[in-house]
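This report refers to the structure that appears directly beneath it.
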Amino acid sequence: MEMINSIGRRKAAVARIYLTKGEGKIMVNGKDYKDYFPQIHIQTSIQAPFEVVDAVNLYDLKVNVAGGGFKGQAEAVRMGIARALVKLNEEFRSPLKAEKFLTRDSRVVERKKYGKPKARKSFQFSKR
């Protein structure tokens, strides 16, 4: 098996995934994913695509992620992993799609408008 690469996005975060056959090591920006994402609930979200398709500890990952915060980066990595697994085996598509790991969450921060302090917030109205 050669290297499979894919991309995942969420908010401002972009994750590039390189998947190879191995023993389950996940390196994110040169660090182990448990060091890069110290929160346990985020570590489980990164492992979730492997658990859905019963492929835990079968593949090594090298991940480059940039932009956004830790939560957006983690969800971008999760989407990239799911896309790489689908490239690897087309039968993985339906269980991953059922968990919504292949759906791009397109919600982004709304831009600030002129004449307002934030995107929608207005200054206090004064009648007199």
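The values are calculated or read from the model by the stated rules, or taken from the named source; none is laboratory data. Bear in mind the structure is a predicted one, so any value in this text is a computation, not a measurement. All Cβ positions, glycine included, derive from the backbone under ideal geometry; neighbour counts span all protein chains shown. All accessible areas refer to the heavy atoms of the entire protein, side chains included, with ligands and DNA or RNA removed. Shrake-Rupley method; radii C 1.70, N 1.55, O 1.52, S 1.80 Å.
Note the listed values (i) 10.2; (ii) 8.0; (iii) 19.7, then indicate which one is mean projected area of the Cα convex hull in nm² calculated from this particular structure.
(i)
Considering the chain as a Gaussian network with a 10 Å cut-off on Cα pairs, which listed residue, I17, I81, I42, attains the greatest mean-square fluctuation?
Fluctuation is largest for I42.
Using a simple charge model, +1 on the beta-carbon of Lys and Arg, -1 on the beta-carbon of Asp and Glu, nothing else, what dipole does the stretch 24-104 show about its Cα centre, in debye to the nearest 20?
Rounded to the nearest 20 debye, it is 280 debye.
Suppose all protein chains stay in the model; what accessible area per residue would a 1.4 Å probe give for the chain, in Å²?
65
What are the lysines whose alpha-carbon lies under 18 Å from the alpha-carbon of K31, with same-chain residues fewer than 8 places away excluded?
K62, K71
Using r as the Cβ-Cβ distance of S122 and I40, and R0 as 25 Å, what FRET efficiency do you calculate, to the nearest 0.05?
With a Förster radius of 25 Å, E is 0.05.
Mind telling me which of P95, P49, P117 comes out most flexible in a GNM of the chain, alpha-carbon contacts under 10 Å?
P117
Need one number: nm distance between label points at R107 and E2, each 7 Å from Cα along Cα→Cβ, rounded to one decimal.
3.9
Would you mind telling me the share, in percent, of accessible area of the stretch 4-116 contributed by carbon and sulfur at probe 1.4 angstrom?
In the stretch 4-116, the share of accessible area belonging to carbon and sulfur is 52 percent.
Whole-Hz Karplus ³J(HN,Hα) for the stretch 90-107, in order, using 6.51 cos²θ - 1.76 cosθ + 1.60 and θ = phi - 60°, x for Gly and Pro?
5, 5, 6, 4, 5, x, 6, 5, 5, 7, 6, 7, 9, 8, 6, 7, 8, 6
What distance in nm separates the simple spin-label points at R93 and V52, each placed 7 Å from Cα in the Cβ direction?
About 1.4 nm separates the two model spin labels.
What whole-number volume per residue, in cubic angstrom, does the convex hull of the C-alpha atoms of the stretch 21-77 give?
74
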